[in-house]
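Visitor: Handing you a structure now.
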Amino acid sequence: MFNRLVSFKSLEGHEGEVKCLTFSQDGKLLASAGDDGNILIWEWRKNQKFSLTKKIDEVFEDDINKIFGDLEEGISNIFGNKGGIAIPKINDMFSKPPQVKVLEIDDIFPRHRHKRINSVAFSPCQGFLVSGGDDQTLRIWSLETKKLISTLTGHQDKVTAVAVHPDGEIIASGSEDKTVKIWSVKTGEILSTLQGHSDKVLTVKFSQNGQLLASGGGENDKTVIIWNLGERSSITLKGHSDWFGGILSVDFGSNNKFLASGSKDQTIKIWDIKRGTEVKTLSEHSDHINSVSVSPNNQLLASGSDDKRLKLWDLKAGKAIISIPHPQKIYSVCFSPDGHYIATACQDKIVRVYGTSELQSLAS
């Protein structure tokens, strides 16, 4: 049955629209990020959270009171009304002989400060999280120390999507510069640049076995490309609308046999990977489909749309079994690794977690 009341866990803490989210491999953590430039890590069952990026904002929320220190020793201290932070090696930022220099906070603390974050992904071992944002960089964060490990540069435009390989050793990123890049986690180097889209790349996803990578292009491209990383080959999937067909989201089935794609043309397409052909089209949304997620058992698909609806689909029947209204647009949806929960990221700044079995029971 559609549109019945359903319970959910509400996670509130963002100050802007939540654009992306992902579960950790064990399902205990949920990461979310968006327009406020803040990455929140939720121990969602305990209603606890911590921020990977908020500490500096808390110090500089009010006017800076003092900056002082011995630059010869390479240490300076900045104090705001809520505390202070010691800055090592600040003297490296000044030329010699000494001269007056104005530093942006982002020059001192490399992070996604006041830049929109478009995508986040956990490593399989849960040792790190990677984020990509409007500042054209990827950043790798330690979940143990809650600190930035490294910043990866090389894209020439906004980073729209990131994904971590199942072995945790490489990262894929998509960008508005029309390229997909493969990065080494260990060295931070670009291992390869994949070119084939004629418009911005809006989404990337690895297959469960790690052999394939899917990417989706913008509305002037409208294609999904499946890259075989081992064979260095690719196939291009065409079928979304020629008018509004930008591919906003892709997800592989856990059996590595099919791929789902969500588009601005208001449809979801299911593709046979081996044949490179369209299997079916799901078309009950009334606006852009921003995100799709396939359940671990390959029986269900969750989708979120600008039409403010979370839909749960029976993939075999090709029909939506329930539609859950949200107050505003839904930008991201994600199944937990065990398939028991579905999380949504919404324009209203709230992350919601639903029980899959409850949604299915309401549909019956």
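Visitor: Residues to consider are 322, 342, 289; find the one that is in contact with a Gly (Cβ under 6 Å, 6 or more places away or on another chain) and either of a type outside the set (Asp, Glu) or farther than 17 Å from residue 6 by Cα (or both). Can you show your working first?
Guide: On the way: 322 fails: in contact with a Gly (Cβ under 6 Å, 6 or more places away or on another chain); 342 fails: in contact with a Gly (Cβ under 6 Å, 6 or more places away or on another chain).
Only one candidate qualifies: 289.
Visitor: Using the structure shown, decide if residue 22 is at pLDDT 95 or above, polar (S, T, N, Q), under 24 Å from residue 149 (Cβ atoms) and surrounded by 15 or more Cβ atoms within 10 Å (Cβ to Cβ). Working first, answer last.
Guide: On the way: at pLDDT 95 or above: yes; polar (S, T, N, Q): yes; under 24 Å from residue 149 (Cβ atoms): yes; surrounded by 15 or more Cβ atoms within 10 Å (Cβ to Cβ): yes.
So residue 22 passes the test.
Visitor: What is the one condition in (1) buried (at least 16 other Cβ atoms within 10 Å of the Cβ); (2) modelled with pLDDT under 95; (3) β-branched (Val, Ile, Thr) that residue 102 does not satisfy?
Guide: It fails just one condition, (1).
Visitor: Considering every residue within the range 329-336, establish whether at least one is under 21 Å from residue 12 (Cβ atoms) and surrounded by fewer than 17 Cβ atoms within 10 Å (Cβ to Cβ).
Guide: Applying the first criterion (under 21 Å from residue 12 (Cβ atoms)) to the range 329-336 yields 329-334, 336.
Imposing the further condition that a residue be surrounded by fewer than 17 Cβ atoms within 10 Å (Cβ to Cβ) reduces the set to none.
Looking through the range 329-336, none of the residues is under 21 Å from residue 12 (Cβ atoms) and surrounded by fewer than 17 Cβ atoms within 10 Å (Cβ to Cβ).
Visitor: Within the range 241-261, which residues are at pLDDT 95 or above, charged (D, E, K, R) and surrounded by fewer than 21 Cβ atoms within 10 Å (Cβ to Cβ)?
Guide: The answer is 257, and nothing else.
Visitor: In the range 335-358, what residues are more than 19 Å from residue 16 (Cβ to Cβ), assigned to a strand (DSSP E or B) and touching a residue at least 60 places away in the same chain (Cβ under 8 Å)?
Guide: Going through the range 335-358, the residues more than 19 Å from residue 16 (Cβ to Cβ) turn out to be 335-342, 353-358.
Okay, now just the ones that are also assigned to a strand (DSSP E or B), so 335, 341-342, 353-355.
Scanning the range 335-358 gives 335, 341, 353, 354, 355.
Visitor: Pull up the range 180-217, narrow it to residues that are under 17 Å from the mean Cα position of the chain (by Cα) and without any contact (Cβ under 8 Å) to a residue 40 or more places away in the chain, then point me to the one that is nearest to residue 149 (Cα to Cα).
Guide: Restricting to residues being under 17 Å from the mean Cα position of the chain (by Cα) and without any contact (Cβ under 8 Å) to a residue 40 or more places away in the chain, the top hit is 181.
Visitor: Another question, then. Limited to the range 217-236, what total is found for residues that are on the phi < 0 side of the Ramachandran plot and in a loop (DSSP other than H, G, I, E, B)? I'd like the intermediate steps shown before the answer.
Guide: From the range 217-236, those on the phi < 0 side of the Ramachandran plot are 217-221, 223-231, 233-236; that's our starting set.
Applying the additional criterion that residues be in a loop (DSSP other than H, G, I, E, B) yields 218-221, 229-231.
Qualifying residue count for the region: 7.
The values are calculated or read from the model by the stated rules, or taken from the named source; none is laboratory data. These numbers come from a predicted model, not from an experiment. In this analysis, Cβ positions are derived from the backbone assuming ideal geometry, glycine residues included, and neighbour counts consider all displayed protein chains.
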